[in-house]
Amino acid sequence: MSERSRGAAEPSRDVLALWERSRDLGKRLDGVSERLEALEGFGLPDTVADLALTVKKLTEKPEAQKFPVWDWSTFNSQQQAQAWEILLEWTMGTFRVRYPRSFAEMLGYHKMPVSCWHLHPDMVEALTGLMAAWNWAFRDPESGPLRVAEWLGRWLPDAVRQGRFILDGCNVRPEPPDQYGRTNPYNGHKDPLENKKVETPPDLQQYIHMLKTGEVPA
């Protein structure tokens with residue numbers, strides 16, 4: 001074979017160089033694969049997943065502050081004492097100071113020097129709800145002007161109407177001390193259940209019995 005024929009059959013230098021680089025890259029990939037197999041024993045996938053979750057949480061928008069809903073009927077003595085302190089602090093420190101006329105109208109101080117509002121469970125619930133709505137409007141980081149406007153234009157007037165309705169039957173006038181020096185600061189307070197029959201009506205009891213058993217009362 002002539003020199004010319006052998007030269008034509010041999011690969012060019014560029015091809016040989018490309019082949020060398022490809023072989024070197026293949027060796028490197030084999031090394032990386034071996035290292036990954038070794039790291040799998042150390043829980044690398046789980047570590048990477050945990051890291052990704054952490055990064056995601058750091059980039060997410062923080063959750064808004066959540067205010068608990070109170071259910072007075074489930075509170076024990078200590079919880080009731082704490083709830084009363086929180087409610088009174090807001091009522092006297094915020095409601096009375098910032099909204100004096102609404103405070104007086106709702107709690108009955110506009111018509112009598114002493115109020116029995118705290119003796120009415122429904123009033124306590126209404127005031128608690130008003131405080132919770134105020135926190136939602138004024139203390140929640142997610143709040144905005146619309147929440148404030150809604151509290152001022154909707155929840156506050158509605159609470160004032162509820163308060164006037166609840167205290168409608170009361171006319172508290174403290175009586176002078178008796179011969180023993182005793183006084184009744186809530187003279188004129190009308191108990192919510194005073195002179196009211198609170199037993200379940202018999203016909204309703206029979207109807208409930210019929211629904212549960214299918215028996216028609218005689």
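Per-residue extension of 0.36 nm, minus the Cα-Cα distance of Ala83 and Glu215, leaves a gain of 42.9 nm for this segment.
A Förster radius of 41 Å, combined with the Cβ-Cβ distance separating Gln205 from Asp140, puts the computed FRET efficiency at roughly 0.35. The trypsin sites (Lys or Arg not before Pro) of the range 97-150 that DSSP puts in a loop, and whose beta carbon has at most 13 other beta carbons within 10 Å, are Lys111, Arg139.
For a paramagnetic label modelled on Leu152 (point 7 Å from Cα along Cα→Cβ), amide N atoms under 20 Å away belong, within the range 80-124, to 91, 93-106.
Since every read-out is calculated from the coordinates, none of them should be taken as a lab result. Worth saying up front: this structure is predicted, and the values here are computed from it rather than measured. In this analysis, Cβ positions are derived from the backbone assuming ideal geometry, glycine residues included, and neighbour counts consider all displayed protein chains.
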